[in-house]
Every structure is written in structure tokens, then in C-alpha cells.
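Visitor: Take a look at this one; I'll ask things after.
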Amino acid sequence: MGGVCCSSFNKTDADSEIADYMLKNKEANKAVKKLLLLGSGSSGKSTLFKQLKCIFNPWGLDASEFIETAHSIRTNIVLGILKLLQKSQDLYDSDPNRYSKCYIDLDADPNLINEIQVILQFRHETFENMDDAKWDQLQRLGEAIDYIWKNVDGIRHTFNERGSRFSFADNMEYFFDKCRSIFLEEFYPTHEDVLKCRIRTTGMVEITYEIKDSFFNIYDVGGQRNERKKWIHSFENVTAVIYVAALSHFDAVCFEDESQNAMHESISLFNEICNSKWFRKTAMILFLNKSDLFREKLMECLNIDKCFNNQQQKGGINSINGNGWDGEEYHGPCYKESDKLNNSNINQDQQYFEHCYKSQVDFIAKLYYDQRQNEDKKIFTHITNATDRTNVEKVFWDCQNIVIRKNLSTGGFT
């Protein structure tokens, strides 16, 4: 295992900067096997990128990444709890009967208004430049968020409506549960914190590593959804595209557009990427990511039949602003509450759960696979959990074999 280097580009003129960078380094990169990470927002691309850096970098993550993560975790917590407070009112106003449990009665708890006011003081805080005086305020902030998260029932009920009703970052309950310690001066993120924290990628981040005298570059290109066509041609000669799709997004809406189902959006984007003229000769690797969160949703009896049907169901994921699904419908097995209650045999119940899980994952994989217009184009599919190092390491070794075989076929690998 060899060395690793990492470089990043700011968001300013990111699309032209990416294209210029690739052009200037075209000759130098001929001998490098280049892998491009693509996928819709919040699919786990950046988490995967950080996990690969942990695996292939003998020194692990940079100290600066831990510091940046600490700032981002605090910011995400503040914005997250404020969003739940706002959405609790929005949901109740939209349908008082259906969302009665989301309602927060400010008069019923004399402490609540004070706690909210404490949080509002930090709604624009980046937490990057802290002096001694501010740390006492931050400790009070952590206490206020902790109080609301653990004592206000309407917040928990609103939180449970996340995904299909409004966009919300994954793993936030993990951070809410320990927010008191996070807002202390001595807080320093763990590796798990870094992997679970959502930090939106802007511009391009690159990592280079060496295996058996061969160099691999991985590019994580984030943001600029509307500008992609301006720089996508710069990656024409990449060895493989790794497309990351979140399995758990069948029951979620997009961050950029809460009227759009996140998995529908991901499938549409995959169609665009897979059939792009720039990637006609490029190996296509599909990572069906967030398998752990998908299992959690299925265990809660949330199945993909609500996402992949042609009916405009009232109040369902397909009815938001009339955006529905007009593709193949899912009619396979679903794990339901009645299955839990009626099945006294734990082993039999687990077997049926696994049967439902496999059937639904296979259906999703087929939907992506069917997007290809060239039937001879191969798509290599892997089920992944980007926060699981063992899983990512195993899957990525398989991907390296794909890359090696492709280079052998073109005479470019020695």
C-alpha cells in the first residue's frame, strides 16, 4: 500500500476550474486509473470518499478534517433543531387532524420559549472562531437543544415525519442524543462522527493512492447540479464511474427540491450518466448505498411499494405536488406489521424479512440496470454501507479488480 495525497477546489467558478484542472493534467494522468464518484445529493458519496481515505491513507484523516467536522456538527445540530421546530408548525397547519401530535404548545411549557430563544441566537453561527466568553454560551446552547430534543413530544413526532414529508440529514438523532458534550470546548469528533456528519461537497476533491505500482485517482465532484454539462466532458477518459445511490431514499425527498422523490431523482440522473456520450467506453459501477438505513426502514414496515406505483396516493410520497412514478411497479413481498405480530417463530420471521429485503433490493437494482440504452454495457452492482469500513474495503477491492480487468483489455495495465 502506497502513499496518498489529497487536494481540493473551492466553489468559486468550480465548473470551469474542474475542466481546466483536468485539461492541464491530461498527459501526466495517462498512466493513472481514474475513478469518478457521482450520485444525487446526500447519497453518501463524500462519506464513501472519507472512508476510502481512512483505508488507504496510513495516517488516516487530516487533523483539519476533524476540526472542520466539529464546526459542521454544531452547525447541523442548530439548523436541524430549528428546522424541526418550523416543520412541526408547518405540518400541523397543513393538516391539524393528521399531524396533531406534531403541534407544540408554547404555553404548556414555560421553559420552552427561553430555550428556543437561546438557540435562535446561534442560527447564523459557523462555530469557527470561538473565544473564551463564547464557550460558556455554547454550553448553555447544548443544554437548550438537549432539553427540546428530549422533552418536547412534538419534536419527536415531527422528526418521525422526516424523509417523505421534508428533507432532513441522516444520522441527526445520533448527534442530537449527545449534543450536550458536542457543545463543550473539549469536544473532539471521533472517526464515527466524521463519517456520519453531512458536509456538502463543493468543487472537486481528489485522492490519489498507489497499489502494486499502479496509481488510482478518485474524484468526488459535488454541487453544481445544473452546471454538470459544462464540465462532464472533462472526465471522458476516466477508467470507471462509481455511481452512488442511497437505498433508503425511496422514502425521502430531495434536498434541492422537496417536491421530488429522492430515488426517482437518482434513477433519472443515473440514466443521464450511464447513457452519456462521454462515458460510452467507461466501466459503470453502481453502489446501492445506505443498506443499513434501508434495513431500518424495512424493519419499521416501510416498503418500496409506496414509492414505485403509478397511483397518486393521497398524502404519500408520490402525491407531493403531483410528482409520481410512471415506471415499473413493485408487486413483490412487503414486510408488514401483521407479519411481526402473527409470526411467533423468530427464525421464520427473520427469514421472511431477509426475503423481503432481497426482493426489494433486487427490484431497485433492476430499475437502475434497465436505464442503460446499450444492452452490451455492463453495470457492476454492489450493496454498500459507507460507514462500515469492512464492507467498503471488501467492495472496493472488487472494484479494483474491475478496473484492472478493463485496463488489461485495453492494454493499459501492467
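The values are calculated or read from the model by the stated rules, or taken from the named source; none is laboratory data. In this text, all values refer to a predicted model and were calculated from it rather than measured experimentally. Backbone-built Cβ (ideal geometry, glycine too); neighbour counts: all protein chains shown. These accessible areas exclude ligands, DNA and RNA; they are computed on the full protein's heavy atoms, side chains included. Shrake-Rupley method; radii C 1.70, N 1.55, O 1.52, S 1.80 Å.
Visitor: I need the full set of residues from segment 212-239 which are open to solvent by 10 Å² or more (accessible area, probe 1.4 Å), modelled with pLDDT under 70, on the phi < 0 side of the Ramachandran plot and touching a helix residue (DSSP H, G or I) at 6+ places or on another chain (Cβ under 7 Å), in order please.
Guide: Glu227, Lys230, His233, Ser234, listed by residue number.
Visitor: What pairs can you find where one residue is in segment 51-78 and in contact (Cβ under 8 Å) with a residue 40 or more places away in the chain and part of a helix (DSSP H, G or I), the other is open to solvent by 10 Å² or more (accessible area, probe 1.4 Å) and of a type in the set (A, V, I, L, M), and their Cβ atoms are less than 6 Å apart, with a gap of 6+ or different chains?
Guide: Listed pairs, sorted by first residue: Phe56/Val4; Ser72/Ile199.
Visitor: Could you count how many residues in segment 48-66 are modelled with pLDDT of 90 or more and over 21 Å from the mean Cα position of the chain (by Cα)?
Guide: Looking only at that region, the number is 2.
Visitor: Can you report the number of residues in segment 261-281 which are among the polar types (S, T, N, Q) and open to solvent by 10 Å² or more (accessible area, probe 1.4 Å)?
Guide: 4
Visitor: Filter segment 170-197 for residues that are surrounded by fewer than 19 Cβ atoms within 10 Å (Cβ to Cβ), in a loop (DSSP other than H, G, I, E, B) and not hydroxyl-bearing (Ser, Thr, Tyr) and give the result.
Guide: Result: Asn171, Asp177, Lys178, Leu184, Glu185, Glu186, Phe187.
Visitor: When only residues in segment 256-278 that are free of Cβ contacts under 8 Å to residues at least 24 places away in the same chain and part of a helix (DSSP H, G or I) count, which is nearest to Ala246 (Cα to Cα)?
Guide: Result: Ser268.
Visitor: Still on this structure, please answer the following. Taking Phe127 as meeting all but one of (1) closer than 20 Å to Phe187 by Cα; (2) outside any helix (DSSP H, G or I); (3) open to solvent by 60 Å² or more (accessible area, probe 1.4 Å), write down the number of the exception.
Guide: Phe127 satisfies all of (1) closer than 20 Å to Phe187 by Cα; (2) outside any helix (DSSP H, G or I); (3) open to solvent by 60 Å² or more (accessible area, probe 1.4 Å) except (3).
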